[in-house]
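Here is the structure we will look at.
The values are calculated or read from the model by the stated rules, or taken from the named source; none is laboratory data. Just so it is clear, the structure is predicted and the values come from calculations on it, not from any experiment. When we count neighbours, we look across all protein chains shown, and the Cβ atoms used for this are built from the backbone with ideal geometry, even at glycine. Accessible surface areas use protein heavy atoms only, side chains included; no ligands, DNA or RNA. Shrake-Rupley method; radii C 1.70, N 1.55, O 1.52, S 1.80 Å.
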Amino acid sequence: MAKQKLALIGNGMAGVRCIEEILKIQPERFEVTVFGSEPHPNYDRIQLSNVLQGATTIDDITINDWNWYKENNITLFSGETVTNIDTAKQIIYSDTNRAVEYDQLILATGSIPFILPIKGADKKGVTAFRNIEDCEKMIEYSKSYKKAAVIGGGLLGLEAARGLLNLGMQVDVIHLSEYLMDRQLDPTAGKMLQRELESQGMNFYLGKQTQEVLGEFDVKGLRFSDGEEISADLVVMAVGIKPNVQLANDCGIPVNRGIIVDDYMKTGIPNIYSVGECAEHREMVYGLVAPLYEQGKVLAKKICGLDGKSYEGSVLSTKLKVSGVDVFSAGEIFEDEQAKSIKEFNEWNGTYKKVMIRNGKISGAVLFGDTKESNNLLSMINKNADVSEYLKVGTSGDPSSLVTSMSHEEIVCGCNGVTKGDIVTAIESKGLTSIEEVKGCTNASRSCGGCKPLVGDILELTLGADFSESNHKESICTCTTLSRDEVVAEIREKNLTHTREVMNVLGWNTSDGCSKCKPALNYYLGMIHPVEYEDEKESRYVNERLHANIQKDGTFSVVPRMYGGVTNPDQLRKIANVADKYNVKLLKVTGGQRIDMFGVEKEDLPSVWADLDMPSGYAYGKTLRTVKTCVGENFCRFGTQDSIGLGIALEKKFERVGTPHKVKMAVSACPRNCAESGIKDLGVVGVDGAWEIYIGGNGGTHLRAAELLCKVKTSDEVIEIAGAYLQHYRETANYLERTSVWVERVGFDTIKTIIGDKQKRIELNQRLDEAISVLQEPWKEIIESKAIQTGLFQKVKIPAKSNK
């Protein structure tokens, strides 16, 4: 029997999720074709703010990579836009003149950002924040400009603002309302959020209407309706989205604000359906992911010819986390004559809770600072629970009460539309025993992770007596159920020496591993067998394989080592000569006190390194990046110690040694801390006659002040303490775990006790010295090896737009 032709227009989260559901139900029934205007596989648009904030990468937010389409026999035409649908003949036409017939068609064209129709909105430097290209544009601007203005103080605008702050820009947020997130929060929570974000560096213009974008060609600033002006180099418009209905409208498919659909997501045209942000159901258009996934499930059953529950609409809820600020909002949030509230406000702890009650039923909630009750409250709002149930369960503090009271239909993971029933069924039918297994099987907690504790509670309830604390363990990836500690212990006990051997002996469920476990195993093996282990270059990320940072245009940046941030005329002449010879596009002084050379072609890298005749600065590596120093006692009138001398000694001692994540150090000669020692993985501060050593600092996305580990008298003692600390981190941290996270997980006091033990400190330094003893300068090794040059330095091939 010939397969039916199923076409999907829109390669976004809602449409592809519907296809996933269809594949679960009837994987062989349809010949699936997908059109996507963006040149990327299906990705998690919600996570774009994390990419902008530097917390993750484009690869990490990809939901289904190119292989997924091939493995499921889906024809994907990416970077290709559908321009017409012949609804009578059931044929789709694209902008490449491609014609594709269909038996059933899903429109999931999503939404488009709303750009304010004001003077100057078309100037260079005005952007929306909707897709990967917008994200890349903002990142690019941050490299050359300093002032950004974000119009819109809603969820998206604040996440964009946080990302731009992380990129080093000064950020003004302009909002029409008198308080932030006025569609999700009440004034009390909105003002609390404002104070928190102001403390992080955001500046707000509230109650302001933007009238004009200033500048001749490029953005220079904004003018408000009251005549006030502010300067800006970049303007981000985050003022809302609107359903993308142009194609449907042009093709005669009934449209109102969105594409009109019934309770089974059918449009007014036979065999055409619609889901996602472009669909209008009962006069509602949804922009959050949970309702869109609900729609996708309903439609999947309908298309497969199964009887299923109709879509009845969704209660909206929002969880926001901007640099540690937890906010939750669901249902109605404002009181009136019939709607009353229960409020708790703790100014000292910075927490606020408001639970709305209408006609004796829970109808909405706002949480700020502490959102542990969010799933509980959302559950009660969805089932219209009596206030007595909230007073009984909501204040009990017993998570099992919530899990037990939840029906199987209730959503646990709002990001991925996973119900309690989905999780329980997966645990029982597939024998799942850990949160990671549940995550891999159901997608629950796959995105923001906010529901992870609840998933753990459901796992505990379902397993009953078979549950133990070990069920909470996190495997290193979905290829195995083993945790990091179990894998490391097995490698030691069985003396495993190769990544493939680890996978085979320890029963990996994939033959080749994945992008998470392969580099992790390569690191663990190198850490355990520092002398004998031969590094697997193919298991490393591309930047580490090629010893340079790949840029968005396919060229690379090169950062030679400048110990302690100190250089000389000879080095500067070499850099200048190389820049001229290889047409380097940009020379940039980095935050780590080196010079970054941008725009080097891949095949030129070995020649560039040979001409420079300087060691690699490892700006790409999971190792010590830099030791930032201030001028110190030899020049500064405040300096009490030789910060440059100690910084150079630390950098020369620990350069090249592999670590779970990048490591940054700094040495300041006095408490004025000009080298920013308080936000480094290891920071040293000179005081009269001594050095203070700080650990666990981070100046990135998750800002964390370093903690004082100890105070010593000599530079040699600093190096000894630093070596023991670095080796203990190497031996006990998870791969890709920064020291700031590791210190909190392991415990500062635990680390302090170990480093304070003289014998343990000696042993740690001995193992570190053994690892250091076999390290080689990578650029020199490549320059001297024609085989490596031939094998590695081929031109990068950008993935084709289609998988066929």
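Regarding L48, is this residue closer than 25 Å to V542 by Cα and among the aliphatic types (A, V, I, L, M)?
Yes: the conditions hold for L48.
Matching residues to (1) in contact with an Asp or Glu (Cβ under 9 Å, 6 or more places away or on another chain); (2) more than 30 Å from R704 (Cα to Cα); (3) among the polar types (S, T, N, Q):
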position: G168; (1), (2), (3): no, no, no
position: Y179; (1), (2), (3): yes, no, no
position: E196; (1), (2), (3): no, no, no
position: N203; (1), (2), (3): yes, no, yes
position: G227; (1), (2), (3): no, yes, no
position: N244; (1), (2), (3): yes, yes, yes
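I'm trying to understand the selection: among the residues of region 374-387, which are assigned to a helix (DSSP H, G or I) and free of Cβ contacts under 8 Å to residues at least 24 places away in the same chain?
Of everything in region 374-387, just one residue is assigned to a helix (DSSP H, G or I) and free of Cβ contacts under 8 Å to residues at least 24 places away in the same chain, namely M380.
Which ones in region 730-771 are aliphatic (A, V, I, L, M), in a helix (DSSP H, G or I) and either surrounded by 15 or more Cβ atoms within 10 Å (Cβ to Cβ) or in contact (Cβ under 8 Å) with a residue 40 or more places away in the chain (or both)?
V741, V743, V746, I751, I754, I755, L764, L768, A771
Got at least one residue in region 99-114 being open to solvent by 20 Å² or more (accessible area, probe 1.4 Å) and either basic (K, R) or on the phi > 0 side of the Ramachandran plot (or both)?
Within region 99-114 (the criterion being open to solvent by 20 Å² or more (accessible area, probe 1.4 Å) and either basic (K, R) or on the phi > 0 side of the Ramachandran plot (or both)), the answer is no, since none of the residues qualifies.
Looking only at region 1-21, which residues are out of contact with any Lys or Arg (no Cβ under 7 Å at 6 or more places or on another chain), outside any loop (DSSP other than H, G, I, E, B) and open to solvent by 20 Å² or more (accessible area, probe 1.4 Å)?
Once the filter is applied, which keeps residues that are out of contact with any Lys or Arg (no Cβ under 7 Å at 6 or more places or on another chain), outside any loop (DSSP other than H, G, I, E, B) and open to solvent by 20 Å² or more (accessible area, probe 1.4 Å), region 1-21 yields K5, E20.
Just give me the residues in region 262-316 being small (G, A, S) and touching a residue at least 12 places away in the same chain (Cβ under 8 Å), in sequence order.
G268, S274, G276, A279, G287, A290, G296, A300, S310, G313, S314
Looking only at residues in region 564-587 that are at pLDDT 95 or above and among the basic types (K, R), which one is farthest from F793 (Cα to Cα)?
Checked region 564-587; the qualifying residue farthest from F793 (Cα to Cα) is R573.
If only one of E159, E196 is out of contact with any Leu (no Cβ under 9 Å at 6 or more places or on another chain), in a helix (DSSP H, G or I) and touching a residue at least 24 places away in the same chain (Cβ under 8 Å), which one is it?
E196
What number goes with the only condition from (1) surrounded by fewer than 18 Cβ atoms within 10 Å (Cβ to Cβ); (2) assigned to a helix (DSSP H, G or I) that I644 does not pass?
Of the numbered conditions (1) surrounded by fewer than 18 Cβ atoms within 10 Å (Cβ to Cβ); (2) assigned to a helix (DSSP H, G or I), the odd one out for I644 is (1).
Assuming G168 fulfils every condition listed in (1) surrounded by fewer than 22 Cβ atoms within 10 Å (Cβ to Cβ); (2) in contact with a Pro (Cβ under 8 Å, 6 or more places away or on another chain) apart from one, which condition is it?
With respect to (1) surrounded by fewer than 22 Cβ atoms within 10 Å (Cβ to Cβ); (2) in contact with a Pro (Cβ under 8 Å, 6 or more places away or on another chain), G168 is out only on (2).
Give the residue, chosen from T33, T57, T81, that is at pLDDT 85 or above, of a type in the set (S, T, Y) and surrounded by fewer than 21 Cβ atoms within 10 Å (Cβ to Cβ).
Step by step, each of T33, T57, T81 is checked, and only T81 is at pLDDT 85 or above, of a type in the set (S, T, Y) and surrounded by fewer than 21 Cβ atoms within 10 Å (Cβ to Cβ).
May I ask you to say which residue of P27, P39 is assigned to a loop (DSSP other than H, G, I, E, B) and out of contact with any Gly (no Cβ under 7 Å at 6 or more places or on another chain)?
P27
Pairs please, first residue from region 347-373 and open to solvent by 20 Å² or more (accessible area, probe 1.4 Å), second anywhere and acidic (D, E) and in a strand (DSSP E or B), Cβ atoms under 7 Å, 6+ apart in sequence or on different chains.
K353/E344; G360/D386; K361/D386; G369/D326; D370/D326; T371/D326
Please specify each residue of region 662-689 satisfying the condition of being surrounded by fewer than 17 Cβ atoms within 10 Å (Cβ to Cβ), of a type outside the set (D, E) and farther than 30 Å from L164 by Cβ.
Selection gives P671, V687, G689.
Can you tell me which residue among A148, A232, A160 is surrounded by 17 or more Cβ atoms within 10 Å (Cβ to Cβ), at pLDDT 95 or above, of a type outside the set (S, T, Y) and in contact with a helix residue (DSSP H, G or I) (Cβ under 7 Å, 6 or more places away or on another chain)?
Only one candidate qualifies: A148.
For region 211-220, give me each residue that is touching a residue at least 40 places away in the same chain (Cβ under 8 Å), within 17 Å of Y141 (Cβ to Cβ) and either in contact with a Ser or Thr (Cβ under 7 Å, 6 or more places away or on another chain) or open to solvent by less than 70 Å² (accessible area, probe 1.4 Å) (or both).
Once the filter is applied, which keeps residues that are touching a residue at least 40 places away in the same chain (Cβ under 8 Å), within 17 Å of Y141 (Cβ to Cβ) and either in contact with a Ser or Thr (Cβ under 7 Å, 6 or more places away or on another chain) or open to solvent by less than 70 Å² (accessible area, probe 1.4 Å) (or both), region 211-220 yields V213, L214, G215, D218, V219.
So the check is Cβ under 6 Å with 6+ separation or different chains; which pairs have a first residue in region 639-665 that's without any contact (Cβ under 8 Å) to a residue 60 or more places away in the chain and over 30 Å from C517 (Cα atoms) and a second one that's open to solvent by 40 Å² or more (accessible area, probe 1.4 Å) and not aliphatic (A, V, I, L, M)?
Pairs found: G639/E633; T640/D688; Q641/E633.
Residue check: is T510 in contact (Cβ under 8 Å) with a residue 24 or more places away in the chain, surrounded by 20 or more Cβ atoms within 10 Å (Cβ to Cβ), touching a Cys at 6+ places or on another chain (Cβ under 9 Å) and β-branched (V, I, T)?
Considered against the rule, which asks whether it is in contact (Cβ under 8 Å) with a residue 24 or more places away in the chain, surrounded by 20 or more Cβ atoms within 10 Å (Cβ to Cβ), touching a Cys at 6+ places or on another chain (Cβ under 9 Å) and β-branched (V, I, T), T510 comes out as no.
Within region 389-420, which residues are at pLDDT 80 or above and either basic (K, R) or open to solvent by 70 Å² or more (accessible area, probe 1.4 Å) (or both)?
Result: L391, H408, K420.
Restricting to region 730-753, name every residue that is polar (S, T, N, Q) and out of contact with any helix residue (DSSP H, G or I) (no Cβ under 7 Å at 6 or more places or on another chain).
Taking region 730-753 as the starting set, the residues that turn out to be polar (S, T, N, Q) are 732, 734, 739-740, 750, 753.
Once the filter is applied, which keeps residues that are polar (S, T, N, Q) and out of contact with any helix residue (DSSP H, G or I) (no Cβ under 7 Å at 6 or more places or on another chain), region 730-753 yields S740, T750, T753.
One residue is enough: does region 531-538 have a residue meeting the conditions out of contact with any Lys or Arg (no Cβ under 9 Å at 6 or more places or on another chain), in a helix (DSSP H, G or I) and without any contact (Cβ under 8 Å) to a residue 60 or more places away in the chain?
Within region 531-538, none of the residues are out of contact with any Lys or Arg (no Cβ under 9 Å at 6 or more places or on another chain), in a helix (DSSP H, G or I) and without any contact (Cβ under 8 Å) to a residue 60 or more places away in the chain.
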